[in-house]
Amino acid sequence: MNEPLFPHLVESINLNSPPVSSFAGDIDNLILIIGIIVMAWFFAALGLFLYFVVKFREKPGQKSMRIDGYNPQHKRWITYPHNAVLVFDVIILILAVRVWNHVKIDQPEPNDTVKVIGQRWAWTFQHAGKDGKLDTVDDIKTADELHVKVGDVVRFEGTSKDVLHSFSVPAFRLKQDMIPGRWNSGWFKAQKTGTYDIQCTEICGIGHGVMFARVVIESAEDHDKWIAANSPR
Ligand SMILES: [Cu+2]
């Protein structure tokens, strides 16, 4: 369930933000497919438009043609592409709903759970301590740094202390609104070790732009060491 839906068509479209989560490839693919479809229609429509402008322009001995589209034969130039666009819309919709369900609706069984709290203007995180359980005395609380184990399915539960924030990890292709008074949950599975950016993607006040944090993805060994070193007892 936490495996990608499709093979990744083009890795690292955005070199600043390599695809690190298990579902990053599915989201990249979707954006690539939508981009290809939209560009193909854009160039087809533009090309045809320019061709007609030249073909039916005013020439010596020939007036420029006025085509209003009421003639059924002319109307087909509108209805056929229109129907084709609708078919592509449905294809995009089916792919998008599949990816949406995979990322946002189906929540795989987690190996680990963390809490994410947004506030003006910082992120704070709560990790399970040595006992592996959240909301116990040995929990590890951090500011601006989230630690997870590579390959783990991590469930996050998040809220905000004040205004709307949005928890965004570009390398995971993940975004989740953090709403005061409400807990939202989601998941990710990091597939590469390393340190990646966390941002807030909801304008939340004057310090919005400095509301960055990091996710540190560690090997099992390093993660256990970090927990041992940071557990309060
Ligand atoms: Cu914010």
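The values are calculated or read from the model by the stated rules, or taken from the named source; none is laboratory data. This is a predicted model, so every value here is computed, not measured. Cβ sites come from the backbone with ideal geometry, for glycine too, and all protein chains shown count toward neighbours.
Just one of Val163, Val216, Val148 is among the hydrophobic types (A, V, I, L, M, F, W, C) and touching a Lys or Arg at 6+ places or on another chain (Cβ under 9 Å); which is it? Give the steps one after another, and end with the answer.
Values: Val216 fails: touching a Lys or Arg at 6+ places or on another chain (Cβ under 9 Å); Val148 fails: touching a Lys or Arg at 6+ places or on another chain (Cβ under 9 Å).
Every option except Val163 fails the conditions.
Table: residues versus (1) over 23 Å from Phe23 (Cα atoms); (2) assigned by TED's automatic domain parsing to the domain that holds Phe156; (3) without any contact (Cβ under 8 Å) to a residue 24 or more places away in the chain.
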site	(1), (2), (3)
Asp68	yes, no, yes
Asn71	yes, no, yes
Leu95	no, no, no
Arg98	no, no, no
Lys130	yes, yes, no
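Table: residues versus (1) of a type in the set (Gly, Ala, Ser); (2) touching a strand residue (DSSP E or B) at 6+ places or on another chain (Cβ under 7 Å); (3) under 30 Å from Glu218 (Cβ atoms); (4) modelled with pLDDT under 95.
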{"site": "Asp28", "(1), (2), (3), (4)": "no, no, yes, yes"}
{"site": "Phe43", "(1), (2), (3), (4)": "no, no, no, no"}
{"site": "Gly47", "(1), (2), (3), (4)": "yes, no, no, no"}
{"site": "Arg57", "(1), (2), (3), (4)": "no, no, no, yes"}
{"site": "Val85", "(1), (2), (3), (4)": "no, no, no, yes"}
{"site": "Ile94", "(1), (2), (3), (4)": "no, no, no, no"}
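The set of residues from segment 190-232 being more than 22 Å from Lys149 (Cα to Cα), assigned to a loop (DSSP other than H, G, I, E, B) and β-branched (Val, Ile, Thr) comprises Thr201, Ile203, Ile206.
Taking the criterion of being over 20 Å from the mean Cα position of the chain (by Cα) and at positive phi, the residues of segment 140-185 that qualify are Asp144, Gly181. Of the strands (runs of 3 or more DSSP E) lying entirely inside segment 85-169, those containing at least 3 residues that are within 16 Å of the ligand (Cβ to nearest atom) and crowded, with 17+ Cβ neighbours inside 10 Å span 112-119, 122-127, 153-160, 165-169. Does Ala143 satisfy being farther than 29 Å from Asp28 by Cα, hydrophobic (A, V, I, L, M, F, W, C) and not assigned by TED's automatic domain parsing to the domain that holds Met39? Yes: the conditions hold for Ala143.
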